[in-house]
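Report on the following structure.
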Amino acid sequence: MEEHVPLKRSHIAPMPPTQTELASLAFVSYLHRLGMAQSHLPSPMQAVALLMFHDAVELFLRLACDRFNVGRADSQFMDYFTLLQQKLKQDLQHKESMRRLNKARVGLKHHGNLPAESTIENFRIVSKEFFEDNCPPLFGIGFSEISLTDYVADPEARQHLKEAEQLLLAGHSLPEAALKVRKAFTVILDRFEKASSGRLLQGRPPYWPIRGWIRNRDERVVDEFARRTIENVKELQDVVRLTVLGIDYRRYIEFRRHVPTEYGTMMNMPSPNGVQYSIEFVIDVALHLQTLPP
């Protein structure tokens with residue numbers, strides 16, 4: 001019997017993904033991120049994450065079969081593993097975990113068996129590992145490198161997000177990356193508001209800063225109070241905008257933890273995961289707003 005070994009990075013496909021494949025992989029990434037967000041909701045809403053994880057993995061496997069020109073019209077979920085194994089003479093990693101994911105999905109969709117919270121947590125981890133371990137050898141690109149940034153219509157916001165992604169991949173200047181994400185968010189909301197037929201909020205909060213040299217403690221206190229008031233009012237404006245536009249306020253609260261205010265005040269030291277979360281949130285906001293009528 002022929003022995004099969006797991007795919008290794010040395011077997012990376014010689015050709016990088018085409019633009020069509022990259023667009024499809026971006027959708028896989030987006031679908032998986034939706035599942036990740038859904039998995040953190042309370043039961044029973046978090047159970048939907050199971051379907052999203054499964055759909056993302058299945059689409060990924062179908063793309064891989066198309067890339068290597070294997071497959072059948074009647075292929076089932078686990079068939080994709082066999083087809084790719086026969087073609088590549090190697091196993092995909094996390095095959096048995098995906099078998100359990102498929103079984104849990106069948107139980108939920110066809111029999112109404114709600115998965116336990118621990119089950120959702122497990123599939124949150126293994127689905128991420130599946131993409132991270134199998135995307136490089138199959139498509140010649142890391143799963144974390146796949147981004148929907150190119151689908152952000154506003155060129156200024158898109159540029160801010162791309163620069164933030166580059167800083168994040170370089171592994172340094174996280175505060176600068178977080179600031180660029182905040183700038184992208186502000187641009188997206190402001191541009192949408194200006195382009196919409198009815199303004200959500202009129203103008204910006206007034207601010208009359210003390211001119212010239214701040215001579216004494218009382219003036220510094222007044223100036224600091226005015227600055228913080230402006231920031232708080234601007235945050236309230238963003239909350240109103242998001243609520244009106246149907247954007248998840250809970251995700252916005254998490255977003256605020258990882259980026260500075262619009263005026264550059266950093267509340268927390270950003271982390272790589274926090275910056276990545278913020279980038280994904282802003283992309284989701286942009287794509288959502290682009291589907292709304294002007």
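Listed values, structure above:
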{"read-out": "Gain on full stretching of the segment that runs from residue 18 to residue 69 - 0.36 nm per residue minus C-alpha separation", "value": "16.9 nm"}
{"read-out": "Approximate spin-label separation residue 90-residue 250, in nm, with each point projected 7 Å along Cα-to-Cβ", "value": "4.0 nm"}
{"read-out": "Ranked packing of 237-248, 281-292, most packed first, by mean Cβ within 10 Å", "value": "281-292, 237-248"}
{"read-out": "Estimated FRET transfer efficiency when R0 is 35 angstrom, pair residue 116-residue 221 (beta carbons, to 0.05)", "value": "0.05"}
{"read-out": "Distance (nanometres) between label positions extended 7 Å along Cα→Cβ at residue 287 and residue 150", "value": "1.4 nm"}
{"read-out": "Approximate spin-label separation residue 99-residue 172, in nm, with each point projected 7 Å along Cα-to-Cβ", "value": "4.7 nm"}
{"read-out": "Highest average packing first - 109-115, 272-278, 74-80, Cβ atoms within 10 Å", "value": "272-278, 74-80, 109-115"}
{"read-out": "The stretch 50-173: Rg to Rh, with Rh as the Kirkwood radius over Cα pairs", "value": "1.04"}
{"read-out": "Value of relative contact order over the chain, rounded to a whole percent, pairs C-alpha under 8 Å and six or more apart", "value": "18 percent"}
{"read-out": "Charge tally in the Cβ shell below 15 Å around residue 102, where Lys, Arg are +1 and Asp, Glu are -1, residue 102 excluded", "value": "+3"}
{"read-out": "Surface share of carbon and sulfur [accessible, 1.4 angstrom probe, percent] for the stretch 41-97", "value": "49 percent"}
{"read-out": "Volume of the Cα convex hull of the chain, divided per residue and given in Å³", "value": "174 Å³"}
{"read-out": "Segment residue 257-residue 40, extension gain: residue separation times 0.36 nm, minus the distance between their alpha carbons", "value": "76.4 nm"}
{"read-out": "Given charges at beta-carbon only (K, R positive; D, E negative), |dipole| of the chain in Debye", "value": "480 debye"}
{"read-out": "Segments 98-106, 249-257 sorted - mean Cβ within 10 Å per residue, highest first", "value": "98-106, 249-257"}
{"read-out": "Relative contact order, percent, the stretch 58-137 [alpha-carbon distance under 8 Å, six or more residues apart]", "value": "23 percent"}
{"read-out": "Per-pair calculated FRET efficiency, R0 = 51 Å: residue 229 and residue 128 via Cβ, rounded to 0.05", "value": "0.75"}
{"read-out": "C-alpha center-to-center spacing [the stretch 233-271, the stretch 131-202] in angstrom", "value": "15 Å"}
{"read-out": "Relative contact order of the stretch 2-144, defined on C-alpha pairs under 8 angstrom at six or more residues apart (%)", "value": "36 percent"}
{"read-out": "Eligible lysines near residue 162 by straight Cα distance, threshold 18 Å, same-chain separation 8 or greater", "value": "180, 183"}
{"read-out": "Accessible solvent surface per residue of the chain, calculated while the other protein chains remain in place, 1.4 angstrom probe, Å²", "value": "55 Å²"}
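The values are calculated or read from the model by the stated rules, or taken from the named source; none is laboratory data. All of these numbers come straight from a predicted model, not from anything done at the bench. For neighbour counting, all protein chains shown are included, and Cβ atoms are generated from backbone atoms with ideal geometry for every residue, glycine included. Note: areas computed on protein heavy atoms with side chains; ligands, DNA, RNA excluded. Shrake-Rupley method; radii C 1.70, N 1.55, O 1.52, S 1.80 Å.
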